[in-house]
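First up is the structure itself, then whatever we jot down about it.
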Amino acid sequence: MNYLGVGFKYPSILTSIVAIVGGFGSGKTEVAVNLTRFLALSEKIPIAIADLDLVNPYFRSREAIAEMEGLGVRVIAPRGGNFYADLPILLPEIRGAIEKREGRLILDVGGDVQGSRALGTLSDAFVSDKYELLMVLNSRRPFTSDVADCLKTMSRIEITAQLKFTGIIANSHMIDETTPEILIEGYRLASSVAEILELPLVFLSAKREILEKMDLLQFKCPVLPLVRSMLKPWERGIASPAACRSSKDEQVRRMTKRTND
Amino acid sequence: MAKKLMKGNEAIGEAAICAGATNYFAYPITPQSEVAEYLSRRLPEVGGVFVQAESEVAVGYMLFGAASTGKRVFTTSSSPGISLMQEALSYMAGAHLPVVLVNIMRGGPGLGGILPAQSDYFQATKGGGHGDYHIIVLAPSSVQEAVDLMILAFDLADKYRTPVMLIGDGMIGQMMESVEFPEQYQTPPSPKEWALTGAVGRKPVVIKSLFLDPIALEKNSLELAKKYEIIKADEVRYELYKVNDKNKLLIFAYGTMARICQTAIDELEEEGIGVGLFRPISLFPFPQKEIYREVIKPNIKALLTVEMSVGQMIEDIERCIVGQKPLGFYGRTGGIVPSPDEVKAAVKKQLGLGK
Amino acid sequence: MAQDVDIILSRPKALSDNITHYCPGCTHGIIHRLVAETIDELGIRERTAGVAPVGCSVLAYNYFNVDFMEAAHGRAPAMATGFKRLRPDMIVFTYQGDGDLASIGMGEIIHAANRGEKFTVIFVNNAIYGMTGGQMAPTTLPGQKTTTSPLGRDVTTAGYPIRMAELLSSLRTPAYIARAAVHDPMYIIDAKRKIKRAFSYQIANKCFSLVEVLSTCPTNWGLSPTVSLEWLEKNMRPYYPLGTFKTPEDEVEKK
Amino acid sequence: MPGIIIDKLYCKGCELCVHACPMQIISMSKEINQKGYFYATVYEPSRCIGCRICAITCPDAAIEVKAHGTHFTLFKY
């Protein structure tokens, strides 16, 4: 786990329940899966991840079931025929897991206000001081691209979820086109929001390849390196030579108009 | 404007606003409900109109009525919803109304499933409604292209006074990619001379598709046919990927299927197998002559069509290649997306390279 | 002065010069005229758009001197919604029969009314399908013989005729809903007032408005035009009471 | 003095005006119009009271009501 070198500070999670929320496309599912993987590799206590994303039909943490289970993580997500359902299925096991409070439970909550409604129905199961409610901020997304928008979105989510935020996660990204500048821009935005709300910046997360190129001491918060789990059908895992395809997007964009030749 | 990270469905909504189409009528259906959710937040900011209709049937006619004002109007839906709009689509084509529809395809037939598919090709390109008509069909393969084609769709709809459909499988709607919106785009002025603006100093205008006199009906159908001939001549769009004179095989694929084929082609290239991709962007008009031109090149030994269906576009490919080269097919459907490995295996099989 | 000639009633300007295709004595023509007179009197001809239905009045666009759209069967309220939302400054009306509005277009009319779309509906109820040749309509009276109910409408299998004005006035959304008839000059005058009131609410951007007009179909009823008027009075009037069922002012009073 | 003019091109001969006229001064013509049917005509114009009921009843807007000088009406229309 020490591949990032000396001076690197991993996030430390002390509560048994961690609910990860954010706007659509903030990368919260990727963050939840990676945080779970990190905890599973570094802690000896039982770890579980629950898919509370009832609003997104594709790219949900349930896609990573096999990998998570391989690490000994308990995955609470619809199975069988309901795996693909576009029904808002809230599994009864999730409430049970929240109330039991053993080991660590990571909740991957759906995006935005619509997604956080699922948290609202469970809010009475949470006990204050025993959970973290973390907001994932991506400065490259509509509705969270400046401080005012972030505050508006967060207050809407708090009202719907009926829970208070306990921290912020800086996760600015543009998927394959993420640059160090985008990370720094997102770090600044998340720091400002954290300062205004008097909340800790719990960690900054980004793809491992980018973090390796950067001076991590400029971030005054812990850092979580990400390995992408939510891949598009034409993308290969990190090891594949075809994985870095940003240059091709330009080609894809170009439309060839018929010419008389 | 800085690049933004957007879900296909949101980007489609924003592209419409960019094209000056702030008039949206829709009914929720997975996997494209985010368009309505996004626009219900954005349209009030730009003074637009959003009506959540009681059904897709009603959506079709709200579009008809709204388009009759001469303003830019659009809807988004997914396969079963698009089926319900076919009636109105036939009426709008017959009445020469410009309107843009987006179909974020899911698996069918019937209620099917919610995962991506390309099984509405026939419906879109051959006309799902009744009568002698066609609509322009554009198929993006990335979120950025969805934005570009969405804006183009409004221009084409106005230019030819015809419905235009942007057709993307569920992946296009659901995936996140970086996008940029054109800053220079100028929306052409409205209302148009054919629109209903009140009979002030002119005879009343009637927008209709009813022609009880067979001579008049035939005349209208011939006008439509003439329009389609111009569209076929001027609006063909396609893209070639790694097409060169060393290729042994040419793949035909559109939408996200084409991107999966690109990964397969890159990896086959490393194995020393030269494969090119012909990606139709306009499905109607179909790049008939252009496909024939590529197919007859002497280095091409075999052809392969790959679709997220049991084989629909392949019928158009067969029409284009007139039996010149052996044509194979690989497809998965019902929401199963073929992997690059499956495409590679199909290419090798078609080239007779074992496995 | 005595030599001056005043025209005190003539063909309204909002009617075109075309002779209608309606059968002799069909009261569609009266209703067309009432709408046209209303448009003239309110001075809105140059900013009015009509929506024609499928049914006997499918060619209504030929008879009015205003812009028109031709809808698919039952969809006129959806079309009017789309148009009016984009051009709230224009005056929009649909002209629909009972098959169009109360059968195939039931969904569209209920939801347009419920959203409070600010257009006017002229709903012509003659208790039969006229265009297709006298089949049973949702408003056909119990026991009434039609080509598809040759023994008379059987309410045990076809249900009772739908009273659209009452049904729509049960919606909570403010609206103007009234029923009139055109089988007698006295009632025609009343129908005109209701139609004018409906358009006035629209001009004031107040609410959805609908006037159900009881009308005759001499040809498909198999009766002479004058006997048709009596049939309407004797059979339709008792089942379809005339009156104003809902006004937007009711809502104010309730508060 | 009031009076009515019936446009025989628009008249379809439905006879609704004949029955509606309170003075019973309208009847069907003895000759047919260009289209081949009998149309309504006024046979006692001097008895017309200008009440407008015929025009109000006519489904084909074929009747025009005129008046010479000041004309009082019994009802608003």
| request: Filter the stretch B:56-89 for residues that are open to solvent by 10 Å² or more (accessible area, probe 1.4 Å) and touching a helix residue (DSSP H, G or I) at 6+ places or on another chain (Cβ under 6 Å) and give the result. | output: B:Glu56, B:Val57, B:Lys71, B:Arg72, B:Leu84
| task | Name every residue in the stretch A:17-42 that is among the polar types (S, T, N, Q) and either open to solvent by 20 Å² or more (accessible area, probe 1.4 Å) or assigned to a helix (DSSP H, G or I) (or both), in order of residue number. | result | A:Thr29, A:Asn34, A:Thr36, A:Ser42
| request: Identify the single condition in (1) aromatic (Phe, Trp, Tyr); (2) open to solvent by 50 Å² or more (accessible area, probe 1.4 Å); (3) within 14 Å of another protein chain (Cβ to nearest Cβ) that B:Phe329 does not satisfy, given that it satisfies every other one. | output: (3)
| message | Can you pull out every residue in the stretch C:113-133 that is more than 21 Å from C:Phe64 (Cβ to Cβ) and either facing another protein chain (nearest Cβ under 10 Å) or polar (S, T, N, Q) (or both)? | response | C:Asn114, C:Arg115, C:Thr132
| Where in chain D are there strands (runs of 3 or more DSSP E), lying wholly inside it, with at least 3 residues that are within 8 Å of chain C (Cβ to nearest Cβ)? | D:63-68
| field | Test for C:Pro142: is it more than 19 Å from C:Val51 (Cβ to Cβ), open to solvent by 10 Å² or more (accessible area, probe 1.4 Å) and either out of contact with any strand residue (DSSP E or B) (no Cβ under 9 Å at 6 or more places or on another chain) or among the basic types (Lys, Arg) (or both) | value | no
| request: Being in contact with a helix residue (DSSP H, G or I) (Cβ under 9 Å, 6 or more places away or on another chain), in a loop (DSSP other than H, G, I, E, B) and at negative phi is the filter here, so list the residues in the stretch A:69-85 that pass it. | output: A:Leu71, A:Val73, A:Ala77, A:Pro78, A:Arg79
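Each row is one residue, and each column tells you yes or no for (1) modelled with pLDDT of 95 or more; (2) under 18 Å from the mean Cα position of the chain (by Cα); (3) more than 21 Å from B:Ile172 (Cα to Cα).
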site	(1), (2), (3)
B:Leu5	no, no, no
B:Ala16	yes, yes, no
B:Pro31	no, yes, no
B:Arg72	yes, yes, yes
B:Thr76	yes, yes, no
B:Ile82	yes, yes, no
B:Val100	yes, yes, no
B:Ile104	yes, yes, no
B:Gly107	no, yes, no
| note | C:Pro241 passes all but one of the listed conditions (1) surrounded by fewer than 16 Cβ atoms within 10 Å (Cβ to Cβ); (2) without any contact (Cβ under 8 Å) to a residue 60 or more places away in the chain; the exception is number (2)
| query | Does A:Leu216 satisfy the criteria of being surrounded by 14 or more Cβ atoms within 10 Å (Cβ to Cβ), modelled with pLDDT of 95 or more and in contact with a strand residue (DSSP E or B) (Cβ under 8 Å, 6 or more places away or on another chain)? | reply | no
| field | Number of positions in the stretch C:12-47 that are open to solvent by 10 Å² or more (accessible area, probe 1.4 Å), among the aliphatic types (A, V, I, L, M) and more than 7 Å from every other protein chain (Cβ to nearest Cβ) | value | 1
| said: If B:Val73 satisfies all but one of (1) at the interface with chain C (Cβ under 10 Å from one of its Cβ atoms); (2) more than 17 Å from B:Ala11 (Cα to Cα); (3) among the β-branched types (Val, Ile, Thr), what's the number of the condition it fails? | reply: (2)
| Residue selected from the stretch A:52-103 under the condition open to solvent by 70 Å² or more (accessible area, probe 1.4 Å) and hydrophobic (A, V, I, L, M, F, W, C), by the criterion farthest from A:Gly25 (Cα to Cα) | A:Ala66
| request: For residues that are open to solvent by 50 Å² or more (accessible area, probe 1.4 Å) and of a type in the set (Lys, Arg), scanning just the stretch B:172-207, find the one that is farthest from B:Ala93 (Cα to Cα). | output: B:Arg202
| request: Taking B:Asp169 as the residue in question, decide whether it is closer than 25 Å to B:Met313 by Cβ, open to solvent by less than 30 Å² (accessible area, probe 1.4 Å) and acidic (Asp, Glu). | output: yes
| query | Taking the stretch B:227-271 as the region of interest, how many residues are open to solvent by 10 Å² or more (accessible area, probe 1.4 Å), more than 9 Å from chain A (Cβ to nearest Cβ) and closer than 24 Å to B:Pro298 by Cα? | reply | 8
| Condition broken by B:Ser190, with the remaining ones in (1) within 14 Å of chain C (Cβ to nearest Cβ); (2) in contact with a helix residue (DSSP H, G or I) (Cβ under 7 Å, 6 or more places away or on another chain) satisfied | (2)
| message | So, restricting to strands (runs of 3 or more DSSP E) that lie completely within the stretch C:1-98, which ones have at least 2 residues that are under 30 Å from B:Gly60 (Cα atoms)? | response | C:48-52, C:67-70, C:91-97
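Here's the yes/no breakdown for (1) within 26 Å of A:Pro92 (Cβ to Cβ); (2) of a type outside the set (S, T, N, Q); (3) open to solvent by 10 Å² or more (accessible area, probe 1.4 Å); (4) more than 17 Å from the chain's Cα centre (by Cα):
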position: A:Gly111; (1), (2), (3), (4): yes, yes, no, no
position: A:Gln114; (1), (2), (3), (4): yes, no, yes, no
position: A:Leu119; (1), (2), (3), (4): yes, yes, no, no
position: A:Ser128; (1), (2), (3), (4): yes, no, yes, yes
position: A:Tyr131; (1), (2), (3), (4): yes, yes, yes, no
position: A:Asn138; (1), (2), (3), (4): no, no, no, no
position: A:Val147; (1), (2), (3), (4): no, yes, yes, yes
position: A:Cys150; (1), (2), (3), (4): no, yes, no, no
position: A:Ser155; (1), (2), (3), (4): no, no, yes, yes
| said: free of Cβ contacts under 8 Å to residues at least 24 places away in the same chain, open to solvent by 10 Å² or more (accessible area, probe 1.4 Å) and assigned to a helix (DSSP H, G or I): is that true of B:Glu37 in this structure? | reply: yes
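Per-residue answers, yes or no, for (1) among the small types (Gly, Ala, Ser); (2) over 21 Å from C:Leu210 (Cα atoms):
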position	(1), (2)
C:Gly152	yes, yes
C:Val155	no, yes
C:Arg163	no, no
C:Ile177	no, no
| message | Yes or no: the stretch B:310-324 includes at least one residue that is of a type in the set (Lys, Arg), crowded, with 22+ Cβ neighbours inside 10 Å and under 30 Å from B:Val164 (Cβ atoms). | response | no
| request: Would you check if there is a residue in the stretch C:77-93 being in contact (Cβ under 8 Å) with a residue 24 or more places away in the chain, more than 10 Å from every other protein chain (Cβ to nearest Cβ) and of a type in the set (Phe, Trp, Tyr)? | output: yes
| field | Hits in the stretch D:28-74 (condition: hydroxyl-bearing (Ser, Thr, Tyr), in contact with a strand residue (DSSP E or B) (Cβ under 7 Å, 6 or more places away or on another chain) and open to solvent by 30 Å² or more (accessible area, probe 1.4 Å)) | value | D:Thr41, D:Tyr43
| note | Within the stretch C:164-184, residues within 26 Å of C:Cys26 (Cβ to Cβ) and surrounded by fewer than 22 Cβ atoms within 10 Å (Cβ to Cβ) come out as C:Glu166, C:Leu167, C:Asp184
| task | Would you check which residues across the stretch B:334-355 are within 14 Å of chain A (Cβ to nearest Cβ) and on the phi < 0 side of the Ramachandran plot and list them? | result | B:Ile336, B:Val337, B:Pro338, B:Ser339, B:Pro340, B:Asp341, B:Glu342, B:Val343, B:Lys344
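The values are calculated or read from the model by the stated rules, or taken from the named source; none is laboratory data. Note that the structure is predicted; figures quoted are calculated from it, not measured. Neighbour counts run over all protein chains shown; Cβ positions are idealised from the backbone, glycine included. Just the protein is used for accessible areas: all its heavy atoms, side chains included, with ligands, DNA and RNA removed. Shrake-Rupley method; radii C 1.70, N 1.55, O 1.52, S 1.80 Å.
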